[in-house]
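Colleague: Before we start, here is the structure in question, set down as structure tokens.
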Amino acid sequence: MAVALRHAAPLKPEIRLAQAISEYESLLNDAQKAKMRNYRSGQPPRPSDVMRLTAEIDNDNSRRKTRCVGTRLTNILQCLQQFSAVVDTVVGGSQSLVASGIWAAFKLTLFAALGWPLYFEKLSTLLMDVGRSCPRYQELGVLYDSSTALRRDLCEYMVLVIDLCKKTILFLQRSICAQVSTFWKPFETEFGHFKGSLISAAHAVRVQVNIASAKEQQLEIKDNATFRYSFARFSDKVSLELEEANGLRKRKKKMQFLDACSSYKYDTAWKQARKSGNTNWILENQQYKQWFEAGESSLLCCTGSLGVGKTVISANVVENLSIQMSTAGIGYFFCRFDDAESLRSRTIIGSVVRQLLGPLEADAFDSLASGARPESDEGQMLNQLQRLLPVHQQRYFVVLDGLDECNPPELKNTVHFLRGLMEGAHEFHLFCSSRQGLYQGIAGILEPQYHVSCTQSNPEITQYIDDALAELLESGELALGDPALIDTIRDALVNGNQGIWNRIQHWGYDDLAADYLQALVAACFGQTTSSFLQSGNSTFTLLYAVVIAYH
């Protein structure tokens, strides 16, 4: 019936969107319908739910020994989260159910597709391409209610998203034979048109945002000119308008201040590092646990040589904190040697300040003078941050990676900012990963209470090497005249892994990485094992050469 009505005559986009969700639900089995109701019954998705959902997807892929692809979905998930939040806050009522239904349908579709790794790989790639242009605008909350055209185009975009979800569910409900036969067809044959349609719809939304922004500015000028006259004639009405205008002014003031702090895309480096793999051993480290549970400001330094995986560790720490401490204030920054902007102290500090202040209500910024902007001086930015942050409300975590790439003046400014955080009235927990030289250089200034060395034994590496050696022995690919020699081989691999392991970890713990390790072990420890070990050569000198050759 819903399909018949949908094609009988043109309907409002809001109604078409509601019907699309209804049609999607009609395709689900009983178990999936129960999950759908459960997803819709909770609170509207928050920004932290985006990272939480990508983490759940990566954890599921990790159990299937497939690579991390959750960050491919970040942009499209942020788009759906922002749309749900705007509709719930600005419109409310039945439209809130529609907005929550979009998030629920998309989430359910992703988890349903996870059971087909090859299909999910192609689907996630499509969503990553679409996500580059999807509508993500901080000012949607200001413009949505005032622009009919913007609401129309946004709803049309969401209808396309639900259509993609329906197409996916229908594919997964086919018989096994039908699914297998479909794999012989190019993915683009059945799903390629969604990419072009969604990109075109996103462009239409972008045009309407620009138009609505211009109209909003004109309306604001007009409202300012007639404010006094309106207030004198319509006191009750103007009182309400004043309240709305005041709220709008506060929200604009907040966004202007945050944009002035930094417009650098700090999350790009985190997403690239997070895709490199999973690592959990540091979460069980006693120094990390003591730092995490400390009741006062503290600093943990994570050090190691180039290539041991410090950046991957930091990326996993950020994700773990966002899940474990959803109510805490969290900021992070990853310096990149090939990005000069990321090595400026103003960029680092501004990005951290923006993340820490972003979750605050707009009222918190009302104490700022009209037209106030963050000072270019890092010390002044620290003062503004400490003045705006609530002292009693929560703990704050800051994760920084690669500060050793900064030149001395920029590093000095950043370190002084961090010292100010530690000495202030707020409870800050800092996590800094770098090479050993930086740790020694800043120890006298920041006085870190906790230290984790990445050169210490990593149980994940040790277990992986043990499993690989056992498999080589069992298959006969590694034949030893002296059985006791296997312990010498194991110790050489475990103790000599000076960062080369990170190359294997970067490939995602998949079967291909296992083949590399088997090949390099066989090459290192064939019939000449004893003479090689007695030669005094570094085990991983040859190991590195073999990895590069295979790669």
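A short reminder: the numbers here are calculations on the coordinates, not readings from a lab. Just so it is clear, the model here is predicted, and its values are computed rather than measured. Please note: Cβ atoms are built from the backbone with ideal geometry, for glycine as well, and neighbour counts cover all protein chains shown.
Colleague: What's the exposure ranking of Glu121, Glu341, Glu378, going from fewest to most Cβ atoms within 10 Å? Provide the component values of the computation, followed by the final result.
Modeller: Working: Glu121 17, Glu341 11, Glu378 21.
Lowest count first: Glu341, Glu121, Glu378.
Colleague: Near Asp129, within a Cβ-to-Cβ distance under 10 Å, what is the net charge of the other residues, with Lys and Arg +1 and Asp and Glu -1? Can you show the working numbers first?
Modeller: Details: positive: Arg72, Arg132, Lys195; negative: none.
Net local charge, Asp129 excluded: +3.
Colleague: If you don't mind, another one. What does the net charge come to around Leu110 if you take all other residues with beta carbon closer than 10 Å to its beta carbon, with K and R at +1 and D and E at -1? List each step's numbers first, then the result.
Modeller: Working: positive: Lys107; negative: Glu56, Asp60.
That works out to -1.
Colleague: Pull up all non-local amide H partners of Tyr332: gap of 5 or more, or a different chain, and H-to-H distance under 5 Å with H placed in the peptide plane.
Modeller: Val399
Colleague: Excluding Leu357 itself, calculate the net charge of residues whose Cβ lies under 11 Å from the Cβ of Leu357, where each Lys or Arg counts +1 and each Asp or Glu counts -1.
Modeller: +2
Colleague: Quick one: if you stick a label point 7 Å off each Cα along the C-beta vector at Asp60 and Asn407, how many nm between them?
Modeller: 4.8 nm
Colleague: Counting other C-beta atoms within 10 Å, which of Asp467, Asp153 has the fewest, and how do the rest follow? It would help to have the intermediate numbers written out before the result.
Modeller: On the way: Asp467 12, Asp153 22.
The order, fewest Cβ neighbours first, is Asp467, Asp153.
Colleague: Nothing charged except the Cβ atoms of Lys and Arg (+1) and of Asp and Glu (-1): what's the magnitude of the dipole of region 261-453 about its Cα centre? Round to the nearest 20 debye. Walk me through the numbers on the way to the answer.
Modeller: Values: 16 positive and 21 negative charges, 77 e Å.
That gives a dipole near 360 debye.
Colleague: Can you pull the Kirkwood radius for region 261-453, inverse mean 1/r over Cα pairs, to one decimal in Å?
Modeller: Working: mean 1/r = 0.0593 Å⁻¹.
Taking the inverse mean of 1/r over all distinct Cα pairs, region 261-453 comes out at 16.9 Å.
Colleague: May I ask which of Lys33/Lys167; Lys215/Lys237; Lys35/Lys166; Lys33/Lys275 have a Cα-Cα span longer than 27 Å here? Mind dumping the intermediate values first?
Modeller: Details: Lys33/Lys167 17 Å; Lys215/Lys237 22 Å; Lys35/Lys166 16 Å; Lys33/Lys275 32 Å.
Pairs exceeding the cut-off: Lys33/Lys275.
Colleague: Sort 345-353, 27-35, 434-442 for me by packing, meaning the mean count of neighbouring Cβ atoms within 10 Å per residue, highest on top.
Modeller: Numbers: 345-353: 23.2, 27-35: 12.3, 434-442: 17.4.
Order by mean packing, descending: 345-353, 434-442, 27-35.
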